[in-house]
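Where a number appears in this text, it was derived from the coordinates with a stated rule and is not lab data. As the structure is a computational prediction, the values presented were derived from the model and not from experiment. Cβ coordinates were reconstructed from backbone atoms using ideal geometry, including for glycine residues, and neighbour counts include every protein chain displayed.
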Amino acid sequence: MADALFPPLEPYASGWLDSADGHRIWHEQCGNPQGAPVVFLHGGPGSCTNPDHRRFFDPAFYRIVLLDQRGCGRSTPRGEVQGNTTPHLLDDLERLRLELGVQRWMLFGGSWGSTLALAYAQAYPGAVSGLVLRGLFLASDDEVTWFVTGMSRFLPEAWSAFAADVDDQSCAGLLRHYHARVAMNDVAAAGRWNAWESSVMAVGEAAAASLAPDMGAALGRVRIQLHYLINSCFLAPGQLLRELERLGRLPAILVQGRRDLVCPPGTAYTVARRWPGAQLRMVEEGGHSSMHPAMARALVQATQDMQRLVAPI
């Protein structure tokens, strides 16, 4: 990974985007202030940005915008689910674009970030110059069921611990159980959900250093994730596939790990077949993580290849 990404860099500007309902969204900018705008959309729902996310982009070419979505990372109130839906996030993005004086920007997102990128591009196609998407996730019931119960075929030990003492071990039953427990600030339940998610994310990836989780932060992150999953991510069934026609030939590069078990390749393949402007790049040795060396190389190559298409007007 270290050789694939651009060198570390610091923001030249940062601030808050305030909303009328009390949310404050943290954002920062780095790279070239006069460059081609790109916005990084983090995963989750409920995760956040980190300094390595700045490094997928050539800082001499791109004006790099990062933000922590509602309730996430440095945004406040942390872990808040009131006033926190996909339409709220899309509105935040559009208000941020206008506040920063950006005419059109490229969207870069993986996993849940790819979901949000597609939803935004379909709502505001004229504000988008292109997209780089990784590990596509359309928030369908099938994909969520795969994540909650389907992966038990690969992780029977972890799933047994995750589903223990839950009467209804269907996907819907597990979501209801954990959503209710975490809504009551049950730290132990958040820890079990976090352990299952960590096990799923680790399949096929290189071993990482084990760090003691910040359970306060984990509780907020899991609360948001379950809030979205139990509400079908606030999207209509089939919405993102159905609305692909709105994107026409808007250029996109879909970077998909062949070994991604979290967001399996079939989704990216389906999207690429229905979207004339999309190019699918299957990374044979890649998994779900953007920091997998092969995935990092492919993502940086994608942002480099997009330069000719998203140059500032």
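Neighbour counting of Cβ atoms within 10 Å sorts the residues Trp193, Trp112, fewest neighbours leading, into Trp112, Trp193. Summed over qualifying helices (DSSP H, 4 residues or more, each -39500 (n - 2.57)) and divided by its residue number, the chain shows a 222 nm mean residue ellipticity of -11000 deg cm²/dmol. Taking 0.36 nm per residue of sequence separation and removing the Cα-Cα distance, the Ala60/Gln307 pair yields an extension gain of 87.8 nm. Taking the charge dipole of the chain about its Cα centre, with +1 at Lys and Arg Cβ atoms and -1 at Asp and Glu Cβ atoms, the residue from Gln29, Tyr228, Gly277 reaching farthest to the positive side is Gly277.
The distance from the alpha carbon centre of region 267-295 to that of region 38-62 is 18 Å, rounded to a whole number.
Taking a sphere under 10 Å around the Cβ of Ile64 and counting the other residues whose Cβ falls inside, with K and R at +1 and D and E at -1, yields a net charge of +1. Between the helical axis of 215-230 and the longest alpha-carbon principal axis of the chain there is an angle of about 90 degrees.
Taking the C-alpha atoms only, the angle from helix 112-123 to the longest principal axis of the chain is near 50 degrees.
Take the alpha carbon atoms of region 99-166, find their center, do the same for region 1-20, and report the distance between the two centers in whole angstrom. Rounded to whole Å, the Cα centres lie 21 Å apart.
Report the net charge of residues surrounding Ala119, where surrounding means a beta-carbon distance below 13 angstrom and charges are Lys +1, Arg +1, Asp -1, Glu -1. Net local charge, Ala119 excluded: -2. Taking the Cα centre of the chain as origin and assigning +1 to Lys and Arg Cβ atoms and -1 to Asp and Glu Cβ atoms, the resulting dipole is close to 680 debye.
For region 86-132, the Cα gyration tensor yields ellipsoid semi-axes of 16, 12, 9 Å (square root of five times each eigenvalue, largest first, whole Å).
Please work out the ratio of the alpha-carbon Rg of the chain to 2.2 N^0.38 Å and round it to two decimals.
Output field value: 0.95.
Taking the fewest neighbouring Cβ atoms within 10 Å as the starting point, the ordered list for Thr86, Thr76 is Thr76, Thr86. A cut-off under 14 angstrom between Cβ atoms defines the neighbours of Ile253, and their net charge, with Lys, Arg +1 and Asp, Glu -1, is +4. Fully extending the segment from Tyr269 to Ser160 would add 36.1 nm, taking 0.36 nm per residue of separation and subtracting the current Cα-Cα distance.
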